[in-house]
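Okay, structure first, notes after.
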Amino acid sequence: MNTQLKKLMLVTITILLLAACGLFEPTSVPTEVPASTAKPVVISEIIENTPTTVPSDESAPENFSQYIGLSYPPFPAGLSQDFSMLIQNKDGYGLSLVSDGAIKMLWLNKITQYDTDGNPYWEVKDVLELSNVEAGLTLIPDGCLLNGVPESEIFAAARNGVVVLAWRANTSLDRFEVMATDGIRCNSDKAMSLE
């Protein structure tokens, strides 16, 4: 499926969802709403302690909210940490790629304290499930630009250098946010396969 067809399908689905919710009503004559009376449309709200999942036709295979609020070390038994990095200029925040068998998760972590040897203790702030990401994608955890401006909180999944999915690790809200891929370009020596 080519990129233009995917974008067309995404726009069509968005319009149908808005129409179904009563947020979109086509008119025959264009109307202009004065800025003072225009109200923003809230598409989604942040729900405390609910992990972010990649859009999918299937439900998540496991409830990941059990990890939110987890402090480590020690790392939970049965899990393996495949990758970990600090988010540049974000005061103690980091990303960790964690596996539970075939299930992959990305954790947004924050340093809570240091031991006497200077080793950090982390708290999991949010969990992004990556098990439902389509096959063949590469995770790019840093080196992303939004409209040509470096953004250390943005990371993406790409195929052959083309960004397919993008997220923001919003450290102000301690949440992952799904983003549109328009204007996002990434190049990182830390890129890794999600398979």
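The values are calculated or read from the model by the stated rules, or taken from the named source; none is laboratory data. Remember, it's a predicted structure, so these values are computed and weren't measured experimentally. So basically every Cβ, Gly included, is an ideal-geometry build from the backbone, and we count neighbours across all protein chains shown.
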Selection count where residues are closer than 14 Å to A166 by Cα and assigned to a strand (DSSP E or B), scope region 136-149 | 6
Among the residues of region 136-154, which ones are under 16 Å from V98 (Cα atoms) and not aliphatic (A, V, I, L, M)?
-> T138, P141
Which members of region 166-187 meet the condition of being surrounded by fewer than 17 Cβ atoms within 10 Å (Cβ to Cβ) and small (G, A, S)?
-> S172, A180, G183
When region 61-88 is examined, which residues are found to be among the polar types (S, T, N, Q) and either more than 23 Å from T116 (Cβ to Cβ) or in a loop (DSSP other than H, G, I, E, B) (or both)?
-> N63, S65, Q66, S80, Q88
Are there any pairs with C-beta distances below 9 angstrom linking a residue in region 85-105 that is in contact (Cβ under 8 Å) with a residue 40 or more places away in the chain and under 20 Å from E134 (Cβ atoms) to a residue that is assigned to a strand (DSSP E or B) and among the hydroxyl-bearing types (S, T, Y), with the two at least 6 apart or on different chains, and if so which?
-> L97/S84; M105/S96; M105/S99
Of these, V178, V133, which one is within 23 Å of G101 (Cα to Cα) and either modelled with pLDDT of 95 or more or part of a loop (DSSP other than H, G, I, E, B) (or both)?
-> V133
